[in-house]
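S.K.: Input: one structure, supplied below.
The values are calculated or read from the model by the stated rules, or taken from the named source; none is laboratory data. Note that the coordinates shown come from a computational prediction; the quantities given were computed from them, not determined experimentally. Don't worry about glycine lacking a Cβ; one is built from the backbone with ideal geometry, like all the others, and counts go over all protein chains shown.
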Amino acid sequence: MVNRASISAGRSLSRALLCVLATFACAATAYATPPDVLGYGSRSTSLGGAVTASVEDASAVYYNPAGLARAGALRLQVGYFSQSPFLSINGQQSDVERQGGVSFGLVAPATFGDFRIAFGLGLQLPDQRVARTRSAIVDRPRWELYDTRSHRLYLSTHLAIRPVSWLTIGGGLVFQSGSVLTLDIRGDLPFTNAEDDSRLEHQFKGDLRSVRYGSLGVQAQVHERVSIGLVYRSEVELGNTIVALAAASVGTPGTPGVPLDLSLVSTSTSLFGPQQVSFGIDLQPLDRLNIALELTWNDWSAHPSLIADQTVDLEFGGTAAFGDIESLPQLPMNLHDTFVPRIGIEYAALQGDVDLDIRAGYIYENSPFPAQAGITNFVDNDKHTISLGLGASLNDLRPTLPGALQFNAHFAYAALRARDHNKTSLVDPVGDYRSTGYLISAGVDVSLVFE
Amino acid sequence: MTQWTKPKPLQIAALVLFSACATIGDEAAFPGPVESGIGPFRPLNAAELVVEAPRAGQILAEGAAFGRAMMTEGSLWYAAASAPLDPLPEKDASLARFEVDWAQFEARAIFASPSLAPARYSYEAGTVVLEATEPWQGGAVFDPWAIESSDGSVQLYFASEGGIGVATRSAGSATFGAPTQILEDARAPSVVEFGGETLLFFERDGRIGLAKSTDGLTFTVDTEALDLGELSRGEEDPTEVAQRSPGAIVVTSATGRVSLRVYFESRFESATGSVSSGLSVSGTMDTQTYDRFDAELFGDTSVLGNNPGDPAPYVADGEATTLLTLTRAAPGSPQSRAVLGAITPARIELVPTPEEP
């Protein structure tokens, strides 16, 4: 949409320059998928996410799409989740927002003799905003993996097959949302009587874009009490480009104006999720006891620089007005790959018309970010997460419901190990700082399982 | 009779869903700043001062020609000459325009002034605590640097024509004892305890040097001219030709690291021969290698006016702030300087709390 506006010459030029200056020290924000941070489904989350080998509910759309074909029942799942961060730097709260939302899941199988095929759909809808793009001053410390990381819509669609009774294979696509902004200003700026005689047009465009990436998984029941699973999630990256173009003719009415041209192009990465490989094993040493172990590799070393790359050209009368305007260098992130171990334990306390399961899980996630000794300040800490959960299943609901009604709830506490960031430069204006904190999350979900 | 019906499963699910949808996102602020306290500074404002100050940050009322000033807890120590000579001698033509020709004034002495309650960093005109009494002092004492001990005693380091000396005032005493000369042909002493030693930074021949001591009285020169690092300069920028008037403090970071910061005055000379001054700071952990802060120490340099000098830092305990006293050119004839106070982080306000009756 194009608008005409009368703007004074001085204010317009100031705005253009402020736009230039404001982007000099901006850093983009790293993102990954919301389930990476919040989990998906209360049962899987309460088991520490160690479900690659055994998942068979709607959360299989994230943890292992092969699990969609494991159970063989039509399933509708809806839930709510929330995570509250209590993160601080130098003892001062960092005011990182609570994240939460509603999740939906669908598993729709069809069986043809021994062959089974299943379709899965998963949706996480944030309860605060659909998507957010944020750039911040590069020398201001911020919690890179928690600041607005999950404020985006998550949608996944998968298919799975069970060609033989002991093997399931699944795969599909995940959709993530991101935003792109462009600003274009053109027109004439008179030196005199600017408010009445200016003819400036500007157009602004903001797009909510989606990016797709794939996942592929397999589960194998290698023994009646042992199941193994393997899943791969591909890398996701969404670039963000901000373009500001100002082309004006500056002068007095009735005389040829002097051209003023400003061009600012800023490119950065607004969304990045590393490729991941998870291997898990589920053991059933007792009839009522399951123990799951899992290890996940995250390819964080492929993370692009979070410092926006800027190109600025300002010409007045065809001559560069300020010479070379340097932008911040594209500093390497120096992130390293991580290996995340998980363990989950599930005990069937009651079995019959009413099932009651007690669950617990543990995750250790070492931070992919190095200590921030240079001019960047992307804060992240090693994290220990303990989760607990309960599940209840009402199994005999006929004639009301031809199947079961399941309730799951989880609670998790994540402790971030305190970390010191000592600057190499003794005259750094930010200086040394210590980051620490904890996260509390909880959620519930309800499933209708149709036999 | 009221009959209760069991909620159906879909009703339960709908209740959960609508409850979840009832939350609305609030706008969250950007993360707050984390600052090391090295700068940039802002001048203390009128709300933080009680001195009627026509210039931003002025902490000491005008009425004399001031030399370097420095803060300790509750006191300001400064050098001043009370009045110009009459008749006024011609100013030394070799001095820069903004420099004071002390030969135009009565002999300088060192003053101490308590803070004006409730403002912690405003000061009234002080009283003389040290005058030149020894032949080696050449008739004047200036550039004070006071170290207050926990027992109430004070060691006052100072400069004079014959070099740097020290005088001691015992706890409970009102006067300083006889001064001792500790370093010849040097100016602007700044003394700190660091790494188990007493360090004395001094100015000599346009460079800043370092001397060390184990008792605070007998010093040995460790480095004649420290390499405090360089500023990024363009081809057309004035060249740094001298480093003067060091002011050192020991700081402990939020992670417990202890380092030394040396604030100092830089003298610049342009291609046309014009001389100017500015303020700089360098940091070190071993007193040998220094990182220089390559940016403006003041967010808004216009409030300083021209040619600031004589920086003397002071860490306000418990407030994670650094205060800086400095002098800048003040109008008048003969040329004189005003004493200003500045603070970093700039967001911290030191508005005094009114005293209870």
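S.K.: Do we have residue A:446 as at the interface with chain B (Cβ under 9 Å from one of its Cβ atoms), buried (at least 20 other Cβ atoms within 10 Å of the Cβ) and either on the phi > 0 side of the Ramachandran plot or without any contact (Cβ under 8 Å) to a residue 12 or more places away in the chain (or both) here?
M.R.: No; evaluated as a whole, the condition is false for this residue.
S.K.: Could you please let me know if residue B:112 is under 17 Å from the mean Cα position of the chain (by Cα), within 23 Å of residue B:180 (Cα to Cα) and not in a loop (DSSP other than H, G, I, E, B)?
M.R.: Against the criterion (under 17 Å from the mean Cα position of the chain (by Cα), within 23 Å of residue B:180 (Cα to Cα) and not in a loop (DSSP other than H, G, I, E, B)), residue B:112 qualifies.
S.K.: Answer yes if at least one residue in segment B:289-297 is within 14 Å of another protein chain (Cβ to nearest Cβ), under 19 Å from residue B:100 (Cβ atoms), assigned to a strand (DSSP E or B) and of a type outside the set (S, T, N, Q), and no otherwise.
M.R.: Scanning segment B:289-297 turns up no residue that is within 14 Å of another protein chain (Cβ to nearest Cβ), under 19 Å from residue B:100 (Cβ atoms), assigned to a strand (DSSP E or B) and of a type outside the set (S, T, N, Q).
S.K.: In addition: Looking at the structure I just gave you, is residue A:412 touching a helix residue (DSSP H, G or I) at 6+ places or on another chain (Cβ under 7 Å), more than 9 Å from chain B (Cβ to nearest Cβ), touching a residue at least 12 places away in the same chain (Cβ under 8 Å) and outside any loop (DSSP other than H, G, I, E, B)?
M.R.: For residue A:412, the condition - touching a helix residue (DSSP H, G or I) at 6+ places or on another chain (Cβ under 7 Å), more than 9 Å from chain B (Cβ to nearest Cβ), touching a residue at least 12 places away in the same chain (Cβ under 8 Å) and outside any loop (DSSP other than H, G, I, E, B) - is met.
S.K.: Quick one: how many residues across segment A:62-89 are out of contact with any Phe, Trp or Tyr (no Cβ under 7 Å at 6 or more places or on another chain), in a strand (DSSP E or B) and farther than 14 Å from residue A:406 by Cα?
M.R.: Residues that pass the stated criteria total 6.
S.K.: Within segment A:235-256, can one find any residue that is under 17 Å from the mean Cα position of the chain (by Cα), modelled with pLDDT of 85 or more and not polar (S, T, N, Q)?
M.R.: yes
S.K.: Can we say residue B:100 is closer than 22 Å to residue B:186 by Cβ, in a loop (DSSP other than H, G, I, E, B) and of a type in the set (Val, Ile, Thr)?
M.R.: The answer is yes for residue B:100.
S.K.: Can you tell me which residue is surrounded by the fewest Cβ atoms within 10 Å (Cβ to Cβ) among those in segment B:333-345 that are out of contact with any Asp or Glu (no Cβ under 9 Å at 6 or more places or on another chain) and modelled with pLDDT of 75 or more?
M.R.: Among residues in segment B:333-345 that are out of contact with any Asp or Glu (no Cβ under 9 Å at 6 or more places or on another chain) and modelled with pLDDT of 75 or more, the one surrounded by the fewest Cβ atoms within 10 Å (Cβ to Cβ) is B:340.
S.K.: Under the condition of being buried (at least 20 other Cβ atoms within 10 Å of the Cβ) and away from chain A (no Cβ under 14 Å), which residue from segment B:236-265 is nearest to the chain's Cα centre (by Cα)?
M.R.: Among them, the one singled out is B:247.
S.K.: Would you confirm whether or not segment A:267-277 contains a residue that is crowded, with 19+ Cβ neighbours inside 10 Å, touching a Cys at 6+ places or on another chain (Cβ under 9 Å) and farther than 19 Å from residue A:48 by Cα?
M.R.: yes
S.K.: If residue B:233 satisfies all but one of (1) charged (D, E, K, R); (2) over 16 Å from residue B:192 (Cβ atoms); (3) within 14 Å of chain A (Cβ to nearest Cβ), what's the number of the condition it fails?
M.R.: Against the list (1) charged (D, E, K, R); (2) over 16 Å from residue B:192 (Cβ atoms); (3) within 14 Å of chain A (Cβ to nearest Cβ), residue B:233 comes up short only on (3).
S.K.: Follow-up question, since we're still on this one. Only one of these is within 8 Å of another protein chain (Cβ to nearest Cβ) and either at pLDDT 95 or above or over 23 Å from the mean Cα position of the chain (by Cα) (or both): A:105, A:79, A:72. Name it. Give the steps one after another, and end with the answer.
M.R.: On the way: A:105 fails: within 8 Å of another protein chain (Cβ to nearest Cβ); A:72 fails: within 8 Å of another protein chain (Cβ to nearest Cβ).
Answer to the selection: A:79.
S.K.: Looking at residue B:95 and the list (1) closer than 26 Å to residue B:263 by Cα; (2) modelled with pLDDT of 90 or more; (3) aliphatic (A, V, I, L, M), which single condition is not satisfied?
M.R.: (2)
S.K.: Mind telling me which of the residues A:376, A:424, A:400 ends up being within 12 Å of another protein chain (Cβ to nearest Cβ), out of contact with any strand residue (DSSP E or B) (no Cβ under 6 Å at 6 or more places or on another chain), of a type in the set (Val, Ile, Thr) and under 26 Å from residue A:437 (Cβ atoms)?
M.R.: So the residue among A:376, A:424, A:400 that is within 12 Å of another protein chain (Cβ to nearest Cβ), out of contact with any strand residue (DSSP E or B) (no Cβ under 6 Å at 6 or more places or on another chain), of a type in the set (Val, Ile, Thr) and under 26 Å from residue A:437 (Cβ atoms) is A:424.
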